[in-house]
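Single-structure report; data block below.
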Amino acid sequence: MTRVWKWNRPVTVREVLEDLQRERSIAYTTVMTVMDNLHHKGWLRREVEGRAYRYAAVSTRAAYSAALMNEAWSTSDNPAAALVAFFGMMSEEQRDALRDAMRVAQLGEPGESPGESGR
């Protein structure tokens with residue numbers, strides 16, 4: 001997924017393979033199998049182009065990360081404690097990003113009062 005998100009456009013197995021081979025030896029069939037599995041799991045969509053497929057991410061990396069965080073938080077037996085522990089692991093830059101995100105989330109849609117978004 002990292003390679004597909006990196007290009008932010010539909011990619012072929014060959015393109016991903018060539019990119020990965022700059023770092024390590026890997027077989028075409030391995031990359032093809034992983035991308036096919038990601039397609040069947042709903043992470044990638046694909047379109048036929050000649051004799052190959054072009055694969056594209058179904059969601060953004062940010063949406064994927066948010067879903068992982070939401071899943072981890074919602075399955076906690078103590079969500080407040082999980083958040084406190086998570087915040088404690090954050091760097092100052094990450095806390096600044098969180099503050100910025102909270103300001104954006106509180107603004108909501110034009111004409112809404114702060115905190116009214118999504119209600």
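Identify all residues within region 70-91 that are outside any loop (DSSP other than H, G, I, E, B) and surrounded by 12 or more Cβ atoms within 10 Å (Cβ to Cβ); write none if there are none. Talk me through it step by step, then tell me what you get.
Going residue by residue through region 70-91, those that are outside any loop (DSSP other than H, G, I, E, B) are 70-74, 79-89.
Residues satisfying the conditions are A72, W73, P79, A82, L83, F86.
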Could you grab me the full set of residues in region 47-64 that are closer than 11 Å to V4 by Cβ and either among the hydrophobic types (A, V, I, L, M, F, W, C) or more than 20 Å from the chain's Cα centre (by Cα) (or both)? A56, A57, V58
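Does S117 meet the test of being assigned by the TED database to the domain that holds W5, at pLDDT below 95 and assigned to a loop (DSSP other than H, G, I, E, B)? Can you show your working first?
Working: assigned by the TED database to the domain that holds W5: no; at pLDDT below 95: yes; assigned to a loop (DSSP other than H, G, I, E, B): yes.
In short, no.
Any residue at all in region 61-68 that's outside any helix (DSSP H, G or I), surrounded by 13 or more Cβ atoms within 10 Å (Cβ to Cβ) and not assigned by the TED database to the domain that holds F86? Outline the logic, then answer.
If we filter region 61-68 for residues that are outside any helix (DSSP H, G or I), which is where we start, we get none.
Looking for residues that are outside any helix (DSSP H, G or I), surrounded by 13 or more Cβ atoms within 10 Å (Cβ to Cβ) and not assigned by the TED database to the domain that holds F86, one finds none in region 61-68, hence no.
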Could you check W43 against (1) without any contact (Cβ under 8 Å) to a residue 12 or more places away in the chain; (2) under 30 Å from V13 (Cα atoms); (3) surrounded by 10 or more Cβ atoms within 10 Å (Cβ to Cβ) and say which number it fails? (1)
Where a residue in region 7-28 is without any contact (Cβ under 8 Å) to a residue 60 or more places away in the chain and in the same structural domain as V48 (by the TED database) and its partner, wherever it lies, is part of a helix (DSSP H, G or I) and β-branched (V, I, T), with Cβ under 7 Å and at least six apart: V11/V4; V13/V31; V16/V31; L17/V31; L20/V31; Y28/V13
Can you tell me how many residues in region 27-40 are of a type outside the set (D, E) and surrounded by 14 or more Cβ atoms within 10 Å (Cβ to Cβ)? 6
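The values are calculated or read from the model by the stated rules, or taken from the named source; none is laboratory data. What you see is a predicted model; the values in this text were computed from it and never measured. Cβ coordinates were reconstructed from backbone atoms using ideal geometry, including for glycine residues, and neighbour counts include every protein chain displayed.
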